[in-house]
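Take a look at the structure set out below.
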Amino acid sequence: MAQVWCVYTVQGQRGECESEPNAFVVDCEDADAPTLDELRRSCAFAGGGGDDWRWRVRARRALLLARRPEKKPASQHLDKAGVEKLVREGKMAWDPVDERYVAVESRAPAERRSSIVGITLDGPLNTAGKAAHVASAMRERRASMVANQAAAKEALRERAAAKASEEAAFDDLHVTLGPLLKAWSEDHGKKKNVRALLAGMDKVMWPESNWQPISIGDLLDPKKVKRAYYKASRFVHPDKLVNLTTEQKFIGKRVFDALSQAYADFENGNHA
């Protein structure tokens, strides 16, 4: 009985490996089976010849698009109307600890999640019909995946514990440092403008920050305000706070948020 074996891997697909290919067999005597010529015509062959053929086909991008994360609404440089719009849409909410509006995590629609098929590491490994070296490679790969999964879970637990500890510390700092930061950012309940924040920023920064005070006289020119703001925002940007103490992170986070909101008002023409 004449048969044609089609051995293939799906490039870019998780779990696919050339050493462990997929395969199907075409019975050339089956009237309903495609012939080798039909297989060749249906795909764009690249190179090869004789009895050993290799070709590439394009896969649908639906699964890849489904895995693409949705963009989160940005809280920086939003004016009051923009923030209120995102709150109404459920994309932002007030954080009582940080005293600011933050993005609300969004979940992928159920129909999008249902199109993604996960790889299970439970149950017996199906090596039926596989050659001995292929079955051995499959077992080694699965053992490696199990080990990597255990390590990833442990790392996730450690990050979750560290985050919970930091959030608890932030709650305590909100009580001890909150009044000082509020006095710097507000005047009788009204948010201060970006000039006032920049001029008084040295009063709330930690001593080791080496932040140099800025005179209010150096902030009269709008161009100088812009330069001073970008210098300050880079100084307390979240990326710069990663290796600092919890107290320094708390201060830097609150200063960055207050400066961002005040500068958004400044750009919208509220220079007073």
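The values are calculated or read from the model by the stated rules, or taken from the named source; none is laboratory data. Values in this document were obtained by computation on a predicted structure and should not be read as measured data. Positions of Cβ are backbone-derived with ideal geometry, glycine not excepted, and every protein chain shown enters the neighbour counts. In case anyone asks, the SASA skips ligands and DNA or RNA and just uses the protein heavy atoms, side chains included. Shrake-Rupley method; radii C 1.70, N 1.55, O 1.52, S 1.80 Å.
Observations
- Tabulated pairs, the stretch 249-262, first closer than 15 Å to Asp95 by Cβ, second of a type in the set (S, T, N, Q) and open to solvent by 20 Å² or more (accessible area, probe 1.4 Å), C-beta under 6 angstrom, 6+ apart or interchain: Ser260/Gln76
- Any hit, the stretch 241-263, residues being touching a helix residue (DSSP H, G or I) at 6+ places or on another chain (Cβ under 9 Å), of a type in the set (D, E, K, R), open to solvent by 20 Å² or more (accessible area, probe 1.4 Å) and over 18 Å from Glu167 (Cα atoms): no
- The stretch 159-213, residues that are at positive phi and of a type outside the set (S, T, N, Q): His188, Gly189
For every residue, the table says whether it meets (1) of a type in the set (A, V, I, L, M, F, W, C); (2) at pLDDT 85 or above; (3) within 30 Å of Leu173 (Cα to Cα); (4) surrounded by 12 or more Cβ atoms within 10 Å (Cβ to Cβ).
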| position | (1), (2), (3), (4) |
| --- | --- |
| Trp94 | yes, no, yes, no |
| Glu99 | no, no, yes, yes |
| Ile116 | yes, no, no, no |
| Ile119 | yes, no, no, no |
| Pro124 | no, no, no, no |
| Ser144 | no, yes, no, no |
| Glu154 | no, yes, yes, no |
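- Conditions (1) touching a strand residue (DSSP E or B) at 6+ places or on another chain (Cβ under 9 Å); (2) outside any helix (DSSP H, G or I); (3) open to solvent by less than 50 Å² (accessible area, probe 1.4 Å): number failed by Ala196: (2)
- Yes/no for Ala264 being among the small types (Gly, Ala, Ser), under 27 Å from the mean Cα position of the chain (by Cα) and more than 21 Å from Ala183 (Cβ to Cβ): yes
- Cβ separations smaller than 9 Å between residues 6+ apart or across chains give the following pairs from the stretch 139-153 residues that are β-branched (Val, Ile, Thr) to residues that are surrounded by 10 or more Cβ atoms within 10 Å (Cβ to Cβ): Val146/Leu121.
- Selection status of Ala169, part of a helix (DSSP H, G or I), under 21 Å from Asp95 (Cβ atoms) and among the small types (Gly, Ala, Ser): yes
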